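The values are calculated or read from the model by the stated rules, or taken from the named source; none is laboratory data. Quantities reported herein were computed from a predicted structural model and do not represent experimental measurements. FYI the Cβ positions are ideal-geometry reconstructions off the backbone, even for glycines, and counts take in every protein chain you see.
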């Protein structure tokens, strides 16, 4: 009987070992398939990132080309304007004998030059607006939807892979490992580990909690009391300070020189000190400092006796400059009429 029992035990041990090996192999295969799926998703994500980078680089190249085109058009418009200025100067320096057509020729030349320049600026502006609109449209209509779609697909596939792996692992655990763990490991934990933990560690944790919790609670309560007391003491003073400043500003007509929102904020601070202390303390502090620096300090310095010890700066001597009579150059216009109503130029 003992030999049969030993054989049964050996057989059971071998079967358990085989089951454990099979479970380990299946778990490793599941993890390997999961790793392969994750690697595939990572490769897809890298491919999407590469395509996105390529699209961004193409957009940058297009933007640089548009910028260079705009610079070229701007240079051309500047050269055209310089040419127009040159011809205007040339035309104005010529002496026409027939003065009746000078105004019409000059007006026509200037209008043509202005029209050419305006067309150049209009084309430049249109090209720039088309380039910017194209880039914005590309990002909004193509780039962002592709990125959102790729990220959504990647998240969905990763979630499906995770659910599949966890479900397979849970089935394998329930089929092969749960019985052995509940039979061999859980009793050991209940018999040897948990009692030691409850006897040694739990009392220490309870003692630390008993000693630390009152200290933390006391610090928290004292801090809250001090903060509440400080707020209750500062808020009425802030209200009275705002009221006094409003009276001072009304007496000196300072609100006429300040924006309207400042008077509104000061009025609300005079009515509710807690609101002013929570939201507008730094703003009012800066305002008071600026006003003291710009107004009251000047008045105090004007009546301060120390001001008498500082001498006034001597005015700098005026420089007398003699200018000779300016010579006025008078340009004589020569008038004349050519034959057949044409223009006669004088060289």
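Some points to look at:
- Inclusion of residue 242 among residues that are surrounded by 11 or more Cβ atoms within 10 Å (Cβ to Cβ), in contact (Cβ under 8 Å) with a residue 40 or more places away in the chain and outside the structural domain of residue 38 (by TED's automatic domain parsing) is warranted.
- For the range 46-56, the count of residues that are at pLDDT 85 or above, surrounded by 13 or more Cβ atoms within 10 Å (Cβ to Cβ), assigned to a helix (DSSP H, G or I) and over 31 Å from the mean Cα position of the chain (by Cα) is zero.
- Set side by side, the residues 241, 266, 254 differ, and just one is out of contact with any strand residue (DSSP E or B) (no Cβ under 9 Å at 6 or more places or on another chain) and in a loop (DSSP other than H, G, I, E, B), which is 254.
- Residue check for residue 86: in a helix (DSSP H, G or I), closer than 25 Å to residue 179 by Cβ and assigned by TED's automatic domain parsing to the domain that holds residue 157: no
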